[in-house]
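Step one of this worksheet: look at the structure below.
The values are calculated or read from the model by the stated rules, or taken from the named source; none is laboratory data. All of these numbers come straight from a predicted model, not from anything done at the bench. When we count neighbours, we look across all protein chains shown, and the Cβ atoms used for this are built from the backbone with ideal geometry, even at glycine. All accessible areas refer to the heavy atoms of the entire protein, side chains included, with ligands and DNA or RNA removed. Shrake-Rupley method; radii C 1.70, N 1.55, O 1.52, S 1.80 Å.
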Amino acid sequence: MKEIFEWNRLLFNELPGVFLLEVIFRSTVMFIILLLTLKLAGKRGVKQLSIFETVIVIALGSAAGDPMFYEDVGIVPAAIVFLVIIVLYRTVTWLTGKSKKFEEFIEGKTECLINNGKFSVTSFKKETLAQDEFFSELRVKSIEHLGQVKHAFIEPSGEISVFYYDDKEVGYGLPILPALFTEKNKIIPREGTYSCSFCGHTEKQKSGTAKCKICQKDEWVASINTLRIT
């Protein structure tokens, strides 16, 4: 009696048993490549999920999907991929619990982007986050200028956490509304309070030109001190 399924093709795709060792090797290499690639892509490339979680989702999704409808992909090699991924997952989880440095490498760490109404320039440079994109995130939170922001952090998930000044503590700050920020200029037209367009340092300036005391840049924007509308 003829079998309903060609079991050897279905399970192994008629491949030799030694090929399963190759599957283990391939899975391990691709897992590491995925991990490093997403690590280089930065937090914003994998917003909400951590880098490690994204690697697991991609790896398991591909391993599960292909044998469902590709007849030339055997079920047993796919199951081996699952087994390898789970072992690697357990290994990485164990290592993150044992080593703080390894945990920070895999998951990333929280970085302070704004401190007391000014950019933390050193931290900002570490992140693959453009100034325009960051300003957009702040505007979504109804922020008009950095004088309203006490601290802002980028979390390991890529989310932006913001802590605000009380209304009575709001001071002059760098405006992030496009219509105001685009008026940045190296020439200060009149005496008043201005913010450095690069780091957000704010101080009174006389008309003419000036360099920022913090970052040594020379483009300025007229500061505003409006209260945040919630």
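Somewhere in the stretch 184-206, is a residue among the charged types (D, E, K, R), open to solvent by less than 70 Å² (accessible area, probe 1.4 Å) and either in contact with a Gly (Cβ under 8 Å, 6 or more places away or on another chain) or assigned to a loop (DSSP other than H, G, I, E, B) (or both)?
no
Out of Ser161, Ser223, Ser157, I need the residue that is among the hydroxyl-bearing types (Ser, Thr, Tyr), within 30 Å of Glu53 (Cα to Cα) and touching a Gly at 6+ places or on another chain (Cβ under 9 Å). Which one?
Matching residue, one of Ser161, Ser223, Ser157: Ser157.
Can you name the residue in the stretch 133-161 that is modelled with pLDDT of 90 or more and aromatic (Phe, Trp, Tyr) and is also least open to solvent (accessible area, probe 1.4 Å) among such residues?
The qualifying residue least open to solvent (accessible area, probe 1.4 Å) is Phe135.
If you take the residues of the stretch 127-183 that are in a helix (DSSP H, G or I) and among the polar types (S, T, N, Q), which of them is nearest to Ala210 (Cα to Cα)?
Among those residues, the one meeting the criterion is Gln131.
Can you find a residue that is within 21 Å of Asn225 (Cβ to Cβ), in contact with a strand residue (DSSP E or B) (Cβ under 6 Å, 6 or more places away or on another chain) and modelled with pLDDT under 95 anywhere in the stretch 116-130?
Yes, the stretch 116-130 contains at least one residue that is within 21 Å of Asn225 (Cβ to Cβ), in contact with a strand residue (DSSP E or B) (Cβ under 6 Å, 6 or more places away or on another chain) and modelled with pLDDT under 95.
So which residues in the stretch 207-224 are open to solvent by 70 Å² or more (accessible area, probe 1.4 Å), touching a residue at least 12 places away in the same chain (Cβ under 8 Å) and either among the basic types (Lys, Arg) or under 21 Å from Ser142 (Cβ atoms) (or both)?
Scanning the stretch 207-224 gives Lys213, Lys217.
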